[in-house]
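**Student:** Got a structure here, written out as structure tokens. Questions coming.
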Amino acid sequence: MQTILTGVRANEEPTIGNFLGAYLPMINLSHEHANDSQINMFVPDLHSFTTPIDHSKFYAQIIKGIKYYMAAGLDVDNPNVHIYRQSRVPAHCELAWILDCFTPFGEASRMTQFKEKSEEHKESVTVGLFNYPVLMAADILLYDAKYVPLGEDQFQHLELARNIAIRMNNKFDQELFTLPASEAEQVKFMHLEKGLRIRSLTDPTKKMSKSSTNEKSKISLSDDPKVAAKKIMSATTDSEGVIRFDMVNQPGIGNLMAIEALFTHRDLQDVISDYAGQTRYGDLKTKVADTVSHFLSDFQEKVANISDGDVERVLEQGEAYANEVADKKLHTVQKALGLRK
Ligand code: TYM
């Protein structure tokens, strides 16, 4: 059975960018494939402190992250659906160390996210931040995951995981790891034309980022729906004066149309047609504000109805499964390396 796997870090409140870029494609794929695939949605909690966080709130944030997966629509009663914490499956770290030793320093140094984040956190660039994509490769390769629903910003890391798998398979002359599908295949599998990149509401040339300190730039999954609606109403647009889908000259308008289409499960082309020739940006904003605030009210109600006990039960099953699969793979790798007979 093939495996479809993804994770969202629990360091800060996820945004609607995370939701539309990763949760939604994963949930859609889980509905489509839970009978022919293993569906692994885990919390990469060890990835969460590659940049500084507030550790006093961290545990609660992890549990909330799991409630989010459940509220988003993962069918946890299906025996092929697994939710687990990375930190509770020690094989992730063990494999990451092994992969480190087969990853050229130069190749890891080319990761754009490392370059950007190390600029942002100049005083606190850690080895962990540099090593982040190799741990991510271990998260994927341990489970032989072929499909990894991700937003556009993470495809370079997936490519690194593919390169590591190819290198190790060649070196040890066996299919140690299933090769994750290429970016083009991943996108097709998600029924998309390209990886998603929801833009910042205050600077639509940049992506919406959960670590941004500008609250107006992002909508978090825990935002008050009324506050979220106000953020949409004051989103930065342009002075062209006509509603068109043109991500180069009108990225703010294009972003709002993309958000509307994704949340209402409509074709982007249909949303674009609805506004053809229209000039009142306020009408589009009002529609999107309404869509987003309704989504948030409904989602937050679902989260509130999930108890800590529900989370514990799901994790118990998920972590038992994950440890079994991951240990088996680690043993195979240890054998190939000569660590085990
Ligand atoms: P994280 O938590 O930074 O991001 C989680 C997911 O959200 C996507 N994303 C977006 N998609 C569209 N528009 C945006 N503005 C936007 N912002 C974020 C990201 O592309 C990502 O898919 N490294 C991963 C976590 C991870 C992981 C893994 C994922 C660790 N190990 C193994 C898959 C498989 C990350 O970026 O998390």
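The values are calculated or read from the model by the stated rules, or taken from the named source; none is laboratory data. Just so it is clear, the structure is predicted and the values come from calculations on it, not from any experiment. Using ideal geometry, Cβ is built from the backbone for each residue, glycine included, and neighbour counts are taken over all protein chains shown. For accessibility, only protein heavy atoms count, side chains too; no ligands or nucleic acids. Shrake-Rupley method; radii C 1.70, N 1.55, O 1.52, S 1.80 Å.
**Student:** Length gain on complete extension for the stretch SER297 to GLU175, per 0.36 nm per residue less the alpha carbon to alpha carbon distance?
**Tutor:** Going from the current span to full extension adds 39.2 nm.
**Student:** Expressed as a whole percent, how much of the Cα-Cα distance distribution for region 208-341 exceeds 21 Å?
**Tutor:** 58
**Student:** Same structure again: To the nearest 0.05, how large is the calculated FRET efficiency for THR279 and GLU32 if R₀ is 30 Å and r is the Cβ-Cβ distance?
**Tutor:** 0.15
**Student:** Which GluC sites (Glu not before Pro) in region 177-222 pass both tests, a DSSP loop state and at most 14 other beta-carbon atoms within 10 Å?
**Tutor:** GLU193
**Student:** Could you derive backbone 3J(HN,Hα) for region 120-136 from the dihedral phi with the Karplus parameters 6.51, -1.76 and 1.60 (θ = phi - 60°), listing whole Hz in sequence and x where the residue is Gly or Pro?
**Tutor:** 5, 10, 3, 6, 9, 6, 9, 4, x, 5, 5, 7, 2, x, 6, 4, 5
**Student:** With the cut-off at 22 Å, tell me which of the pairs LYS115/LYS216; LYS146/LYS218; LYS194/LYS285; LYS210/LYS230 have Cα atoms farther apart than that.
**Tutor:** With Cα atoms farther than 22 Å apart: LYS115/LYS216; LYS146/LYS218; LYS194/LYS285.
**Student:** Could you report region 215-303's accessible area per residue, 1.4 Å probe, as an integer in Å²?
**Tutor:** Result: 49 Å² of accessible area for each residue.
**Student:** Another one. If you average the sequence gap of Cα pairs under 8 Å that are 6 or more apart and divide by the length of region 208-341, what percent do you get for the contact order?
**Tutor:** Answer for region 208-341 is 23 percent.
**Student:** In addition: Counting every Cα pair in the chain, what percent are over 30 Å apart?
**Tutor:** So the pairs more than 30 Å apart make up 37 percent of the total in the chain.
**Student:** With a cut-off of 8 Å between alpha carbons and a minimum separation of six or more residues, what is the relative contact order of the chain in percent?
**Tutor:** Computed value for the chain: 21 percent relative contact order.
**Student:** I would also like to ask the following. Given region 109-252, what whole percent of its Cα pairs are spread farther than 23 Å?
**Tutor:** Everything past 23 Å amounts to 53 percent.
**Student:** Could you give the accessible area per residue of region 11-112, probe 1.4 Å, as a whole number in Å²?
**Tutor:** Accessible area per residue, region 11-112: 38 Å².
**Student:** Still on this structure, I have one more. If Lys and Arg each add +1 and Asp and Glu each add -1, what is the summed charge of the other residues whose beta carbon sits under 13 Å from the beta carbon of ASN80?
**Tutor:** Charge balance near ASN80 sits at -4.
**Student:** Right, another one. For the chain, with a Gaussian network of springs between Cα atoms less than 10 Å apart, report the residue from LEU262, LEU95, LEU135 with the top mean-square fluctuation.
**Tutor:** In this elastic network of the chain, the residue with the biggest mean-square fluctuation among LEU262, LEU95, LEU135 is LEU262.
**Student:** May I ask you to derive the relative contact order of region 1-147, considering only C-alpha pairs under 8 Å and at least 6 residues apart, and to give it as an integer percent?
**Tutor:** Relative contact order of region 1-147: 32 percent.
**Student:** To continue, here is another question. If you bin the C-alpha pair distances of region 173-256 every 10 Å from 0, what whole percents do you get?
**Tutor:** Values per bin, smallest distances first: 16, 33, 28, 14, 7, 2, 0.
**Student:** Further question: Taking the Cα centre of the chain as origin, work out the dipole magnitude from +1 charges on Lys and Arg Cβ and -1 charges on Asp and Glu Cβ, in debye rounded to 20.
**Tutor:** Dipole of the chain, to the nearest 20 debye: 580 debye.
**Student:** Along its three principal axes, how long is region 64-155 when you only count alpha carbons? Whole Å, largest extent first please.
**Tutor:** For region 64-155, the Cα extents along the three principal axes come out at 43, 28, 23 Å.
**Student:** Excluding VAL303 itself, calculate the net charge of residues whose Cβ lies under 9 Å from the Cβ of VAL303, where each Lys or Arg counts +1 and each Asp or Glu counts -1.
**Tutor:** Result for the local shell: +2.
**Student:** Between ASP327 and ILE53, what is the label-point separation in nm under the 7 Å Cα-to-beta-carbon projection?
**Tutor:** Computed distance between label sites ILE53 and ASP327 equals 2.6 nm.
**Student:** First compute the accessible area of region 195-295 with a 1.4 Å probe, then give the percent of it belonging to carbon and sulfur atoms.
**Tutor:** Carbon and sulfur: 51 percent of the exposed surface of region 195-295.
**Student:** Determine ³J(HN,Hα), in whole Hz, for all residues of region 50-67 in sequence, where each value follows from phi through the Karplus function 6.51 cos²θ - 1.76 cosθ + 1.60 and θ = phi - 60°; x replaces Gly and Pro.
**Tutor:** 5, 10, x, 9, 8, 5, 5, 9, 5, 4, 4, 5, 5, 5, 5, x, 6, 4
**Student:** Another one. With the crude spin-label approximation of a point 7 Å out along Cα→Cβ, what separation in nm comes out for ALA320 versus GLU240?
**Tutor:** It is 5.6 nm.
**Student:** If you take the beta carbon distance between ILE272 and GLU107 as r and set R0 to 41 Å, what does 1/(1 + (r/R0)^6) give as a FRET efficiency, to the nearest 0.05?
**Tutor:** Using R0 = 41 Å, I get an efficiency of 0.55.
**Student:** Once amide H atoms are placed 1.01 Å from N in the peptide plane, what residues at a sequence separation of 5 or more from ILE219, or on another chain, have their amide H within under 5 Å of its amide H?
**Tutor:** HN-HN under 5 Å from ILE219: ILE16, GLY17.
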